[in-house]
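Participant: Below is the structure I would like to discuss, written out as structure tokens.
Just so it is clear, none of the values below were taken in a lab; they were calculated from the coordinates. It should be emphasised that the depicted structure is a prediction, and the values quoted were computed from it without experimental measurement. Quick reminder, even Gly has a Cβ in these numbers, built from the backbone with ideal geometry, and neighbours come from all protein chains shown.
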Amino acid sequence: MNLRLDLNASDSRTVERAREVLSGKEGKKRLARLLPFLGPAFIASVAYVDPGNFATNIEGGAEFGYMLLWVILGSNLMAMLFQTLSAKLGIATGMNLAEHCRRNFPKPAVICLWLLMEAVAMATDLAEFLGAAIGFNLLFGVSLPAGAVLAAITTFLMLAVESYGFRPLEALISSMVGVIAACYLVETFLGRPLWGKVIYHAFVPQISGSESVLMAVGMLGATVMPHAIFIHSALTQGRIVVRDKKELRALYRFEIADVVIALGIASLINAAMLVMAAATFHAKGFSNVATIEDAYRTLEPLLGKTAKWAFSISLLVSGLSSSTVGTIAGQVIMQGFLRRSIPVWIRRVATMAPALAVIGLGLDPTRALVISQVALSFGLPFALFPLIMFTCRSDIMGELANKPATTFLACLMAALIIALNAYLVYELL
């Protein structure tokens, strides 16, 4: 599925400026040259700051302080590699990952992959939609069912932006990532972390006991999300059409910059979550803060109302933005595997069903978030290995095919992530 619809004025200006840069006619400063290419990675980066990350990072910081900051840095470096490969697949071939699977795999395998990825999409949306409902609940004091209704209405409105072209959607999601970053900048400032320890633990790996190992595995093993891999290749396919190999290489370099900037911001947000929890909860003896609701209730007496409001706003924005992107990813997956699509409102209703069931049955939302992450881990190999398989083939990728060292590193990282996910599932079950 090519997410680029009929170009509106904003899209046309972006494409025109990008072509001027690629052809060497645009002589503006480096930042101005980069702007037309920024956007796809920011949409994909939402998967790395979704409500599931809130729960994991807050629990890790509250229990172990700054110790596991290095895990966030390492996991996001891995994510940068895989998101770059996904973006490169769309740029080099004009097709997304799901479409390549349909073209290269036998039909029974395609059907099985589609069903698995649909299940993954629903598990993804469970965490994201629940996060948005909890955000409404905490921010406005409404019940969880009412929060779910508000989340549904808001995501429907956000999905409507896609009909206006790719640039408005990119701007909306990027601005929401900016809101999350601003909220955690405020919380980090209010928490007054020990910056020496922050820098030390960001670069020096350290573990203390089996519980910290399990937490590190949870943070690292569940970082890369299957739907983010699929959607990124769709976001770059046909976004900017190049005319020759020189422009293709230049476009790829700009997309690498997009990935580094977007996922770098996501990494800082995740680090800020853990730093806030370490400086606020762990440092003051509240190491048993293990749920989003616990964190919200504990923040006000420790840091005041500003921190509490910043936390709830960031959670709400995270849930809404990631839920919107998750729905679009579901559309990409269906159309790519089956050449079929359904109205987006039908998909939105269908993927909301598990979250509404959790809320209606009165189940623990945080526990449901954890279970959804376990479900996601089962689908991860079926996104990573096809991605590596296609991007290393010169008959598919042309001159943008992976170098042997890149393929080796990607296989090594994929095997590590999958092994960690398997260990996490074993421990949880």
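Participant: Determine which aspartates and glutamates satisfy two conditions relative to K403: a Cα distance under 17 Å, and not lying fewer than 8 residues away in the same chain.
Facilitator: Excluding near neighbours in sequence, the set is D395.
Participant: Output wanted: per-residue J couplings in Hz (rounded whole) for the range 230-235, from phi through Karplus 6.51 cos²θ - 1.76 cosθ + 1.60, θ = phi - 60°, x for Gly and Pro.
Facilitator: My calculation for the range 230-235 gives 5, 6, 5, 5, 6, 5 Hz in order.
Participant: While we're on this one: Quick one: putting +1 on the C-beta of Lys and Arg, -1 on the C-beta of Asp and Glu, what dipole do you get for the chain around its Cα centre, in Debye to the nearest 20?
Facilitator: 1280 debye
Participant: Here's something else I'd like to know. How high is the FRET efficiency from E20 to A353, r the C-beta distance, R0 51 Å, rounded to 0.05?
Facilitator: The calculated FRET efficiency here is 0.65.
Participant: With the dipole of the range 98-196 worked out from charges on the C-beta (+1 for Lys and Arg, -1 for Asp and Glu) around the Cα centre, which of G191, A119, S163 lies farthest toward the positive end?
Facilitator: The one lying farthest along the dipole's positive direction is A119.
Participant: Related question: Once fully extended, how much extra length lies between V179 and A160, figured as 0.36 nm per residue of separation less the alpha-carbon to alpha-carbon distance?
Facilitator: That works out to 4.8 nm of additional length.
Participant: Please give the net charge around T155, taking every other residue with its beta carbon less than 10 angstrom from that of T155, where Lys and Arg add +1 and Asp and Glu add -1.
Facilitator: Cβ neighbours under 10 Å give a net charge of -1.
Participant: To continue, here is another question. How about K107: which lysines have a C-alpha closer than 27 Å to its C-alpha, ignoring those fewer than 8 places off in the same chain?
Facilitator: Partners within reach: K88.
Participant: Further question on the same structure: Relative to the first principal axis of the alpha-carbon coordinates of the chain, what is the inclination of helix 305-338, with its axis defined by its Cα atoms, in degrees from 0 to 90 and to the nearest 10?
Facilitator: Its long axis makes an angle of about 40 degrees.
Participant: Can you spot the aspartates and glutamates whose alpha carbon is less than 14 Å from K245's alpha carbon? Ignore those fewer than 8 places along the same chain.
Facilitator: Qualifying aspartates and glutamates at Cα under 14 Å: E399.
Participant: Here's something else I'd like to know. Between L31 and S394, what is the spin-label point distance in nm, taking each point 7 Å from the Cα along the Cα→C-beta axis?
Facilitator: 4.1 nm
Participant: Okay, next question. Along the charge dipole of the chain, Cβ charges K/R +1 and D/E -1, which of L251, G264, L338 sits furthest on the positive end?
Facilitator: L251
Participant: Specify the angular offset, from 0 to 90 degrees and rounded to the nearest 10, of the alpha carbon long axis of helix 209-221 from the longest principal axis of the alpha carbons in the chain.
Facilitator: 30 degrees
Participant: Continuing with this model, one more query. What number, in percent, do you get for the relative contact order of the range 165-287 if the mean sequence gap of Cα pairs under 8 Å and at least 6 apart is divided by its residue count?
Facilitator: Reported relative contact order: 60 percent.
Participant: If I model a spin label at A422 and V149 as a point 7 Å from the Cα along the Cα→Cβ vector, what separation in nanometres do I get?
Facilitator: Simple spin-label model gives 4.7 nm for this pair.
Participant: If you don't mind, there's one more thing I want to ask. Once both axes come from the Cα atoms, what is the angle between helix 51-64 and the longest principal axis of the chain, in degrees from 0 to 90, rounded to 10?
Facilitator: 50 degrees
Participant: Something else about it: So, in nm, how far is label L214 from label K245 when the simple model puts each one 7 Å beyond its Cα toward the Cβ?
Facilitator: It is 5.4 nm.
Participant: Another one. Please give the contour-minus-distance gain from L73 to I342: 0.36 nm per residue of separation, less the Cα-Cα distance, rounded to one decimal in nm.
Facilitator: That works out to 93.0 nm of additional length.
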